[in-house]
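Structure record follows, encoded as structure tokens.
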Amino acid sequence: MSAVIVIAALCLDALWGEPRRAHPLVAFGRLAAWLEHHLYRDSRIAGAVAWSVAVLPWVALVLALDLGLQNWPWLAALFNVIVLYWAIGLRSLGEHARPVALALQQQDLPAARDAVSRIVSRDTAALDETGVATAATESVLENGCDAVFAAIFWCLLLGAPGVVLYRLANTLDAMWGYRNARFSRFGMCAARVDDVLNFIPARLTALSYALLGSTHAALHAWYRQAGQWKSPNAGPVMAAGAGALRVELGGAAPYHGQMVQRPLLGVGRAADAAAILAAWRLVRSGAWLWAGITLLAGLLWRLSHA
């Protein structure tokens, strides 16, 4: 049944993409902003309280619904499909990546900068073609873990409650998990929980990239370069992804008016439009690889218990 849930959710995502109206994560983001406004204190305890108030009631609600549907297996499966579909953003990754690649292919740098500004937090106004392509490729690889593979992992492990726990925690990390004056204390809980929940999925994502791309280069980059990255989970994902694509990522990038020197990741040519599209195909292939492995594992389990 797990394989059916994953495949069905991926099919819904491929068919419809993210909900255009009333996306649950958009509504949750508004709730989180409201809670931040009312509960913010420059304190780790305040951040932990705000995180708990934002996340735990929804996880409890989904858990109660999931348990309540156990007497109707197909309804329970449908519920899990819908929750996973809401949580993944595979098609959305492509919809955001392709305009960047297309603008670069047409040598329209202003349009490429505008398109990439919608998916990255760095300053994009001064990026050249390589900088735009690097930013987009990094975003696709990293969000492949956050928006696709980790959601599938927690669905397989804990069902709909696990998906909701992960996706809401990941959203709060994106909103509060910054090391700056405002969030270094308040956002610490959000950042640490996301690190824990992403630890295994990130490494499985890196392994998937390695298997589907240039395996030796991906594993070498993962081993040699991942530890240099500031994020313990983004490092393996992006290093393995860069190696798998045989492109060079990382390097200097502008954030908040300052040029930040980042470690180099991967090996080979500089990122370009082709690298963006290749990264998207890598994520898409990985998602269906996971679905296939889940299906095969389920069939083998049934045969062994027949």
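All of the numbers you see were taken from the coordinates with simple rules; none came from a lab. Since we're looking at a predicted model, the values are computed, not measured.
Numbers below:
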{"quantity": "Reported label for calculated log10 I(q)/I(0) by the Debye sum over Cα atoms at q = 0.08, 0.09, 0.15 Å⁻¹ given (1) -0.29, -0.37, -1.12; (2) -0.36, -0.46, -1.26; (3) -0.43, -0.54, -1.32", "calculated": "(2)"}
{"quantity": "For region 163-306: relative contact order, % (alpha-carbon pairs under 8 angstrom, 6 or more apart)", "calculated": "17"}
{"quantity": "The chain: most fluctuating residue of Leu172, Leu282, Leu31 per GNM, C-alpha cutoff 10 Å", "calculated": "Leu31"}
{"quantity": "Highest-MSF residue in the chain out of Asp195, Asp114, Asp173 [GNM, Cα springs under 10 Å]", "calculated": "Asp114"}
{"quantity": "The chain: relative contact order in percent, alpha carbon pairs under 8 Å with at least 6 residues between", "calculated": "21"}
{"quantity": "Full-stretch length increase - Arg44, Arg262 - with 0.36 nm per residue and alpha-carbon distance subtracted", "calculated": "75.7 nm"}
